[in-house]
Amino acid sequence: MLATTQEAQEYRKKFHQYYYDRIVGHLSAFENARKPALSFYTFWLSLVAATIVATIAVLIHLNQISPDTCWDNHGSGEATMQLGALIAAGFFLLAKKVAKDFENKVKTGIIRSFLSFFGDFSWSCKDSISRDDILESGLVGNFNELKSDDYFEGTHRGLKVVISENKLIRGSGKNRSTIFEGLFIQLDINKRFSGHTLIREDNVLAVFEKPDRSMEDVQLEDVEFNKMFNVYADDQTEARFLITAAFIERFKNLRQVYSARDIRASFLNNSLIVAINCKKDMFRLGNVRKPVADTGQMQELFEEFVAVLSLVELLNLDSKTGL
Amino acid sequence: MSFEMILLIIIVAAAAWLYVAYVQVVQKKNKVQEAFASIDVQLKKRYDLLPNILAMANKFMEHERSLIEDCTRLRTEALNTKSDFSTIQEKIKIESELQSKMGQLMVSMENYPQLKSQETMVQAMQTFSEVEEHIAAARRFYNAAILELNNAVEIYPSSIFAGQLGLSVLPYFEITEEKEKAPVNAMEYFK
């Protein structure tokens with residue numbers, strides 16, 4: 001994810017100095033906390049490896065003493081494998097928890113300094129864009145579980161911006177499947193409108209994801225855009241008021257900018273929600289396996305955040321006309 | 001399967017195909033009417049706004065009297081023109097002229113700083129820009145609907161039904177000058 005807007009380039013120029021002036025000073029305290037966290041993390045991972053080795057050893061042994069019954073249904077071999085997998089998974093989750101706790105600790109301590117570079121943004125690992133907002137937007141179909149990770153809220157170029165990292169899961173038990181993993185970016189826009197306009201990528205699944213009946217298919221003038229996306233709206237004129245020729249050009253480039261698998265947008269209630277399905281854990285900071293002072297992590301976080309904020313400039317959302 | 005049965009299936013399939021073609025022509029005709037009505041709604045907003053702008057312009061722009069008069073005349077003509085298929089050509093012509101004259105008026109306003117600084121004028125221009133964007137959007141909707149209908153009118157078998165419904169190829173709502181295709185952003189003249 002590398003934004004190339006003018007604003008992104010200006011941010012890059014200034015952030016280097018800001019990092020050394022305002023952020024580096026906070027890092028040493030976290031480096032001290034990282035060492036015990038890393039020890040725990042390694043310990044739990046070692047137990048995962050040990051469990052796997054032990055399970056294999058027991059399986060070999062069982063195979064030697066009773067080769068006929070070992071691999072029967074509900075035989076000792078199967079039970080050993082299930083038990084081994086369960087214990088290893090348990091240890092792995094503990095290792096992940098240690099890593100996540102450390103990540104949240106570093107984020108809580110550093111993120112405020114990081115975000116103040118961009119203005120009045122706040123961060124939370126508990127909040128999320130609401131389930132109702134997601135469903136009402138029509139960006140994804142129904143889902144059973146909403147998992148949230150990072151959540152940012154603030155103002156950029158005079159517009160309210162909400163960035164929510166989520167994972168949406170449909171079904172339960174063996175039928176569980178992740179239908180979305182990425183970002184929901186909710187932006188207030190300067191245009192007044194009253195209807196609902198939806199932009200979805202045109203792919204093989206589009207046939208199964210028809211929006212509700214009140215929305216009509218909108219065919220725009222741009223053939224390339226029509227091939228890439230399906231547009232639905234409850235007001236044909238309003239859809240064209242929002243999706244101008246300039247917006248079409250900008251939106252076509254978004255997938256490339258965000259390296260996204262799927263990109264969608266919904267205009268509703270005077271705001272725009274862009275869903276970027278990138279199947280990547282974004283905004284990571286405080287990788288327990290890397291020194292806290294490792295600039296690579298900060299650089300990645302910075303680029304990801306700038307790329308999201310660039311959306312306002314990319315789509316010209318702060319302008320009253322020419323959206 | 002008997003020959004009669006096969007013949008019946010072919011007749012039913014052909015009838016269904018023709019019925020679908022007929023329904024599509026009617027749907028496209030209705031879509032054009034909807035799009036035209038949508039333009040009308042947006043144009044009405046423009047007509048409502050114009051008297052205020054022209055009245056304010058009249059106070060300050062002494063050397064542009066003829067331009068203001070042209071705008072007033074065209075507004076009246078546009079208001080008096082019926083909005084249906086029979087008058088589409090005429091309506092489009094008047095609207096193109098009106099938009100062109102309004103564009104000229106905006107450019108002329110550059111020379112009247114007193115007018116540009118009027119708070120009510122700034123607000124009126126902001127609304128005007130928004131209305132112009134809505135008109136541009138409605139025009140795009142209309143042109144998309146016209147493209148679909150004209151294809152139906154010209155391509156067999158829908159052309160048969162189009163003839164029966166009294167439909168012919170309809171004109172696009174186009175602005176004559178290339179530079180005028182973009183909606184007028186009046187606020188640019190007020191910076």
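Could you check, for the stretch A:80-97, whether at least one of its residues is modelled with pLDDT under 90, open to solvent by less than 70 Å² (accessible area, probe 1.4 Å) and in contact with a Phe, Trp or Tyr (Cβ under 9 Å, 6 or more places away or on another chain)? For the stretch A:80-97, residues modelled with pLDDT under 90, open to solvent by less than 70 Å² (accessible area, probe 1.4 Å) and in contact with a Phe, Trp or Tyr (Cβ under 9 Å, 6 or more places away or on another chain): absent.
The condition of being modelled with pLDDT under 85 and open to solvent by less than 90 Å² (accessible area, probe 1.4 Å) holds for only one of A:Thr69, A:Thr51, A:Thr42, that being A:Thr69.
Okay, residues lined up against (1) of a type in the set (Gly, Ala, Ser); (2) touching a residue at least 60 places away in the same chain (Cβ under 8 Å); (3) not in a helix (DSSP H, G or I):
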{"residue": "B:Gln114", "(1), (2), (3)": "no, no, no"}
{"residue": "B:Ala124", "(1), (2), (3)": "yes, yes, no"}
{"residue": "B:Ala136", "(1), (2), (3)": "yes, no, no"}
{"residue": "B:Arg139", "(1), (2), (3)": "no, yes, no"}
{"residue": "B:Leu147", "(1), (2), (3)": "no, no, no"}
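In this structure, B:Glu154 does not satisfy being in contact (Cβ under 8 Å) with a residue 12 or more places away in the chain, surrounded by fewer than 21 Cβ atoms within 10 Å (Cβ to Cβ) and within 12 Å of chain A (Cβ to nearest Cβ).
Under 30 Å from B:Trp17 (Cα atoms), more than 14 Å from chain A (Cβ to nearest Cβ) and buried (at least 21 other Cβ atoms within 10 Å of the Cβ): which single residue out of B:Leu149, B:Leu167 fits that description? Reasoning before the result, please.
Values: B:Leu149 fails: more than 14 Å from chain A (Cβ to nearest Cβ).
After ruling out the rest, the residue left standing is B:Leu167.
Checking every residue in the stretch B:94-112 against the condition of being within 20 Å of the chain's Cα centre (by Cα), within 14 Å of another protein chain (Cβ to nearest Cβ), open to solvent by 20 Å² or more (accessible area, probe 1.4 Å) and at pLDDT 85 or above gives zero matches. Could you check B:Ser83 against (1) under 16 Å from the mean Cα position of the chain (by Cα); (2) assigned to a helix (DSSP H, G or I) and say which number it fails? Of the numbered conditions (1) under 16 Å from the mean Cα position of the chain (by Cα); (2) assigned to a helix (DSSP H, G or I), the odd one out for B:Ser83 is (2). Out of curiosity, is A:Asp217 out of contact with any helix residue (DSSP H, G or I) (no Cβ under 6 Å at 6 or more places or on another chain) and touching a residue at least 12 places away in the same chain (Cβ under 8 Å)? The answer is yes for A:Asp217.
The listed residues are A:Glu31, A:Glu10, and the only one of them that is under 30 Å from A:Leu317 (Cα atoms), loosely packed, with under 15 Cβ neighbours inside 10 Å and of a type outside the set (S, T, N, Q) turns out to be A:Glu10.
Sort out which residues of the stretch A:264-283 are open to solvent by less than 30 Å² (accessible area, probe 1.4 Å), more than 23 Å from A:Asn203 (Cβ to Cβ) and of a type in the set (S, T, N, Q), and write them in order of number. Within the stretch A:264-283, A:Ser271 is the sole residue that qualifies.
Listed here are the residues, each with its yes/no results for (1) over 23 Å from B:Ala137 (Cα atoms); (2) buried (at least 19 other Cβ atoms within 10 Å of the Cβ); (3) within 14 Å of chain B (Cβ to nearest Cβ).
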{"position": "A:Gln219", "(1), (2), (3)": "no, no, yes"}
{"position": "A:Asn226", "(1), (2), (3)": "no, no, yes"}
{"position": "A:Thr237", "(1), (2), (3)": "no, yes, yes"}
{"position": "A:Phe251", "(1), (2), (3)": "no, yes, no"}
{"position": "A:Ala260", "(1), (2), (3)": "yes, yes, no"}
{"position": "A:Leu285", "(1), (2), (3)": "yes, yes, no"}
{"position": "A:Glu303", "(1), (2), (3)": "yes, no, no"}
{"position": "A:Ala307", "(1), (2), (3)": "yes, yes, no"}
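Within the stretch A:20-28, the presence of a residue that is touching a residue at least 60 places away in the same chain (Cβ under 8 Å) and either touching a strand residue (DSSP E or B) at 6+ places or on another chain (Cβ under 9 Å) or farther than 16 Å from A:Phe114 by Cα (or both) is excluded.
Contact annotation: residue pairs with Cβ atoms under 7 Å, 6 or more positions apart or on different chains, pairing a residue in the stretch A:85-97 that is under 13 Å from A:Thr42 (Cβ atoms) with a partner that is in a helix (DSSP H, G or I) and of a type in the set (Phe, Trp, Tyr), are A:Phe91/A:Trp44; A:Leu94/A:Trp44; A:Ala95/A:Tyr41; A:Ala95/A:Trp44.
Grab the strands (runs of 3 or more DSSP E) fully contained in the stretch A:163-252, keeping just those with 3 or more residues being more than 23 Å from A:Asn316 (Cα to Cα).
Per the criteria, A:177-188.
Scan the stretch A:239-249 for residues that are open to solvent by 10 Å² or more (accessible area, probe 1.4 Å) and either within 11 Å of another protein chain (Cβ to nearest Cβ) or small (Gly, Ala, Ser) (or both) and the total you get is 3. In this structure, B:Ile9 does not qualify as farther than 30 Å from B:Ser168 by Cα, β-branched (Val, Ile, Thr), more than 14 Å from every other protein chain (Cβ to nearest Cβ) and in contact with a helix residue (DSSP H, G or I) (Cβ under 6 Å, 6 or more places away or on another chain).
The values are calculated or read from the model by the stated rules, or taken from the named source; none is laboratory data. Only a predicted model underlies this, so the values are computations on that prediction, with no experimental measurement involved. Note that each Cβ is placed from the backbone with ideal geometry, even for glycine, and that neighbours are counted across all protein chains shown. Surface areas here come from the heavy atoms of the whole protein model, side chains and all, with no ligands, DNA or RNA. Shrake-Rupley method; radii C 1.70, N 1.55, O 1.52, S 1.80 Å.
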